[in-house]
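One structure below.
The values are calculated or read from the model by the stated rules, or taken from the named source; none is laboratory data. Everything quoted here is computed from the prediction, not taken from an experiment. FYI the Cβ positions are ideal-geometry reconstructions off the backbone, even for glycines, and counts take in every protein chain you see. Each accessible area value is taken on the protein alone, full model and side chains, heavy atoms only, with ligands, DNA and RNA left out. Shrake-Rupley method; radii C 1.70, N 1.55, O 1.52, S 1.80 Å.
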Amino acid sequence: RAVLVADHVAVDRGGRPVLRDASLSVEPGGVVALTGESGAGKSTLMLVLAGLLPPSAGTVRLGARELRSMPDEQRAAHVVLVPSAPHLFGGSLGANLRLAAPDASDADLRRALRKVGLGDWLRTLPDGLDSMLGEGGATASGGQRQRIGLARAILSPAPIVLLDEPASHLPEADAIAALRAVLGARPGRTGVLVT
């Protein structure tokens, strides 16, 4: 487990700054909340921390290693991003969940769904985990898609989880329970939360 460090990160898009001089350090097992006005660059910073967007300036490190020098598979083994609107593929619910943990058992998938409040929904699906979600998850509501993204984070073995507005479609009590489940899914898991 390594310290996650963003050091003077900046991002420019189309010649204009989207994020300027952002720095943070999160110890293993720590949780940091990023707050600020809409358009302040919080989601952009999350993409940089996930290694999905290269910074225009500055660095992001896991311990002593620069994140962008890591191969995609290695980076994904360390950091998982839960976007505010998780993308679902047109396959089955089970296949969508196994993107985070290909070797997860059906019991693991059901447990993750229960932890994010989708246990009752799963029981209503005609084919259970084999139920098709439709292109882009068309058969799931915004709240269900968000919960599926959180279930993926529970299943992921990554020690660092980045949560970008993960509960915007959820009632407060459900959001708190789901976030506790995500952060508690791995001992000493590190979290960065945009809210």
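Key figures for this structure:
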{"quantity": "Nonlocal amide H pairs with Val31, under 5 Å, H built at 1.01 Å", "calculated": "Gly191"}
{"quantity": "Whole-percent carbon and sulfur share, accessible surface of the range 1-144, 1.4 Å", "calculated": "51 percent"}
{"quantity": "Distance between modelled label sites at Ala177 and Glu66, nm, 7 Å Cα→Cβ extension", "calculated": "4.5 nm"}
{"quantity": "Fraction of beta bridges assigned by DSSP in the chain that are antiparallel (%, nearest 5)", "calculated": "55 percent"}
{"quantity": "Whole-number accessible area per residue in Å² for the chain, which is evaluated in the context of all protein chains at 1.4 Å", "calculated": "48 Å²"}
{"quantity": "Nonlocal amide H pairs with Asp12, under 5 Å, H built at 1.01 Å", "calculated": "Val18, Ser56"}
{"quantity": "The chain: relative contact order in percent, alpha carbon pairs under 8 Å with at least 6 residues between", "calculated": "26 percent"}
{"quantity": "Magnitude of the charge dipole, the range 68-139, Cβ model with Lys/Arg +1 and Asp/Glu -1, debye to 20", "calculated": "300 debye"}
{"quantity": "Alpha carbon Rg of the range 66-188, scaled by the compact-globule rule 2.2 N^0.38 Å", "calculated": "1.01"}
{"quantity": "Dipole magnitude of the range 66-195, debye to nearest 20 (Cβ charges: Lys/Arg +1, Asp/Glu -1, about Cα centre)", "calculated": "340 debye"}
{"quantity": "Rounded FRET efficiency, nearest 0.05, which uses the C-beta distance separating Ala77 from Asp21 and R0 of 30 Å", "calculated": "0.55"}
{"quantity": "Charge dipole of the chain about the Cα centre (unit charges at C-beta), most positive-ward option of Leu67, Ile148, Leu93", "calculated": "Leu67"}
